[in-house]
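See structure below.
Any read-out appearing in this document is the output of simple, stated calculations on the displayed coordinates, not a laboratory observation. Since this is a predicted model, take the numbers as computed values, not measurements. All Cβ positions, even for glycine, are placed from backbone atoms using ideal geometry, and neighbour counts span all protein chains on display.
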Amino acid sequence: MRLRGLVAALAPLFVATAPLAAQPAASRLQFEITGGVGVTVVDMSAWAGATVNNSSAVNYGGAGRVLFPLGKSTRLGLEAGYNYHFWWNVYVGPPSYTYQYSATSTHVAAMVRLEVAKRTSLDLGGALHIFDNAGTKPGALAALMYHIPLTQTLDLPVGVRADAIFTNPTIIPVVATVGLGFRP
């Protein structure tokens, strides 16, 4: 059932990118790899289901994406990545045994990149986050990026990104990102 829902969600993406197959490879693709560090907004006690003894909401991760042009200032992108969202520990009994846990996920995403000004882009999209022990959860993403040109084919994208991961409770990682973009 989940596979059928995923295929239905991604079908418009495949239909939209089909005309791009006729274009030369050099003019149709853009590749990026980014990494980021930030903070995750989450109710730790609600996530843990217990009183949290100690925790850290520091978030880090990385992603790679490929972007296809849909017009002069619009691109359609596919992304895969990994995030370490936060950690927490709880006391489980005398004499003060402490168990430590963390929330990590890999994700796949589809996005639309809009050029909002020269060298500035806005990414909007949806994602599926695959957690180790919490299952697969849907999410939404938004990123504002500034692209610093390095060479004719390379740029340095820097910016801020926020995801909303629809778990119970909702997780909102907000990160500052930096990366490398390549246009063949």
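Any idea how far the Cα center of region 53-83 sits from the one of region 106-138, in Å?
Cα centroid to Cα centroid, the span is 5 Å.
Pop a pseudo-label 7 angstrom from the Cα along the beta-carbon direction at both Val92 and Tyr146 and give the gap in nm to one decimal.
Label-label distance for Val92 and Tyr146, simple model: 4.8 nm.
Given a Förster distance of 25 angstrom, what is the FRET efficiency for Val112 paired with Val58, based on the Cβ-Cβ distance and rounded to 0.05? List each step's numbers first, then the result.
Numbers: r = 29 Å, r/R0 = 1.17.
Efficiency for this residue pair is about 0.30.
Out of residues 5 or more away from Phe131 or on other chains, whose amide H comes under 5 Å of its own, with H placed 1.01 Å from N in the peptide plane?
Thr136, Lys137
How high is the FRET efficiency from Leu180 to Ser45, r the C-beta distance, R0 41 Å, rounded to 0.05?
0.60
Please list 3J(HN,Hα) in residue order for region 171-184, calculated via the Karplus relation 6.51 cos²θ - 1.76 cosθ + 1.60 where θ = phi - 60°; whole Hz, with x for glycine and proline.
Working through the residues one at a time gives 10, 10, x, 10, 9, 8, 10, 8, x, 9, x, 9, 10, x Hz.
Per residue of region 92-100, in order, report the coupling 6.51 cos²θ - 1.76 cosθ + 1.60 (Karplus, θ = phi - 60°) as ³J(HN,Hα) in whole Hz, putting x for Gly and Pro.
3J(HN,Hα) across region 92-100, in whole Hz: 10, x, x, x, 6, 5, 10, 10, 10.
For Asn53, list long-range residues whose amide hydrogen, built 1.01 Å from N in the peptide plane, is under 5 Å from its own amide hydrogen.
Excluding prolines and chain starts, which carry no amide H, the hits are Asn89, Val90, Tyr91.
Express the relative contact order of region 138-184 as a whole percentage, based on alpha carbon pairs under 8 Å and six or more residues apart in sequence.
37
Give the Debye-formula value of log10 I(q)/I(0) at each listed q (0.09, 0.11, 0.12, 0.16 Å⁻¹), with one equal scatterer per alpha carbon of region 31-182, two decimals each.
The Debye formula, applied to the Cα set alone, gives -0.33, -0.46, -0.54, -0.84.
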